[in-house]
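Below is one structure, written out as structure tokens, with a few remarks after it.
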Amino acid sequence: MASNVYEDPTIVAGEIAAGRHRELIGGLWDEMGPHQMEFLKARGLEPHHRLLDVGCGALRLGALAIPYLDAGRYFGSDISESLMRAGYDLELDPQGRDKTPWGHFRASADFDFPTPDGPFDYAIAQSVFTHLPLNHLRRCLAQLASKMAPGGRFFVTYFECRPDQNLFETLLQPGGVVRTRDTIDPFHYRLDDLAWAIAGSPWEFEPIGDWGHPRGQMICAYRRR
């Protein structure tokens with residue numbers, strides 16, 4: 001879900017056939033899977049919780065979360081069904097597939113999430129909205145609200161435009177690797193933009209900031225009232 005290459009199923013199929021499903025989600029497989037997992041555990045994720053992985057791709061996080069969580073507690077969504085299927089078949093062992101039925105995954109470009117047997121306690125979208133305009137985040141939050149438990153948190157990564165920076169200029173993000181813009185992928189947002197996305201909704205905005213992302217993405221939380 002985090003790359004425009006997903007819009008061409010022929011390219012996706014070719015990359016998967018060539019064994020490059022891990023690269024399709026932006027690389028950093030060995031770094032970002034453990035990084036997300038440790039972040040979630042530090043914020044209280046326990047095995048009995050239900051976790052939704054928004055933009056789960058080839059299960060970079062899922063391959064670690066599924067062994068940690070109790071059976072049936074991991075769910076994933078992505079724009080590319082074939083990429084999720086590659087992760088499901090290639091990154092999970094038989095025990096992992098037994099713990100997480102294929103029905104726990106939903107392919108959708110419109111944030112049509114899988115329906116759990118109880119509300120989600122945690123959700124995370126890592127390097128998803130860095131590639132999408134802000135209204136996509138607002139739609140995602142609206143679609144997710146009814147499926148989250150009261151007090152449940154949805155963690156979202158973003159590239160920040162600080163108050164002392166010009167929103168309409170190209171910005172070099174921390175780490176010196178990624179350049180962002182306000183209208184071209186990858187996008188940057190102000191914190192006020194992220195708070196605006198939940199106006200009139202049952203969410204509360206919790207800024208967090210730097211979480212040690214190697215390409216300078218910040219993170220925030222939306223807490224379900």
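The values are calculated or read from the model by the stated rules, or taken from the named source; none is laboratory data. Remember, it's a predicted structure, so these values are computed and weren't measured experimentally. Ideal geometry is used to build each Cβ from the backbone, glycine not excepted, and the neighbour counts take in all protein chains shown. In case anyone asks, the SASA skips ligands and DNA or RNA and just uses the protein heavy atoms, side chains included. Shrake-Rupley method; radii C 1.70, N 1.55, O 1.52, S 1.80 Å.
Here are a few things to note about the model shown:
Each row is one residue, and each column tells you yes or no for (1) modelled with pLDDT under 95; (2) open to solvent by 30 Å² or more (accessible area, probe 1.4 Å); (3) in contact with a helix residue (DSSP H, G or I) (Cβ under 7 Å, 6 or more places away or on another chain); (4) not small (Gly, Ala, Ser).
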position: THR130; (1), (2), (3), (4): no, no, no, yes
position: LEU134; (1), (2), (3), (4): no, yes, yes, yes
position: PHE154; (1), (2), (3), (4): no, no, yes, yes
position: THR157; (1), (2), (3), (4): no, no, yes, yes
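- With respect to (1) without any contact (Cβ under 8 Å) to a residue 40 or more places away in the chain; (2) closer than 16 Å to GLN36 by Cβ; (3) assigned to a helix (DSSP H, G or I), the lone exception for GLU46 is condition (3).
- Annotation: HIS188 fulfils all but one of (1) closer than 21 Å to ILE124 by Cβ; (2) open to solvent by less than 30 Å² (accessible area, probe 1.4 Å); (3) out of contact with any Ser or Thr (no Cβ under 6 Å at 6 or more places or on another chain); the unmet one is (3).
- Unique residue being among the hydrophobic types (A, V, I, L, M, F, W, C) and either at pLDDT below 95 or surrounded by fewer than 22 Cβ atoms within 10 Å (Cβ to Cβ) (or both) when the list is ALA58, ALA2: ALA2
- Matching entry among LEU64, LEU52, LEU69, LEU45 (being of a type in the set (A, V, I, L, M, F, W, C), at pLDDT 95 or above and over 17 Å from the mean Cα position of the chain (by Cα)): LEU69
- Single residue of ALA71, ALA13, ALA109 found to be small (Gly, Ala, Ser), farther than 26 Å from ARG215 by Cα, open to solvent by 20 Å² or more (accessible area, probe 1.4 Å) and in a loop (DSSP other than H, G, I, E, B): ALA71
- Evaluation of GLN36 against the conditions (1) open to solvent by 40 Å² or more (accessible area, probe 1.4 Å); (2) closer than 24 Å to CYS140 by Cβ; (3) in contact with a Leu (Cβ under 6 Å, 6 or more places away or on another chain) shows that the sole unmet condition is (1).
- Test result for GLN173, farther than 30 Å from ASP121 by Cα, of a type in the set (S, T, N, Q) and touching a Gly at 6+ places or on another chain (Cβ under 9 Å): yes
- Positions within region 192-225 being among the hydrophobic types (A, V, I, L, M, F, W, C), under 19 Å from CYS140 (Cα atoms) and open to solvent by 60 Å² or more (accessible area, probe 1.4 Å), in sequence order: TRP196, ALA199
- Qualifying residue in region 96-112 (condition: of a type outside the set (S, T, N, Q) and within 21 Å of GLY200 (Cβ to Cβ)): yes
- Output for region 81-95, where each listed residue is under 22 Å from LEU24 (Cα atoms) and either out of contact with any Gly (no Cβ under 9 Å at 6 or more places or on another chain) or in a helix (DSSP H, G or I) (or both): GLU81, SER82, LEU83, MET84, ARG85, ALA86, GLY87, TYR88, ASP89, LEU90, ASP93
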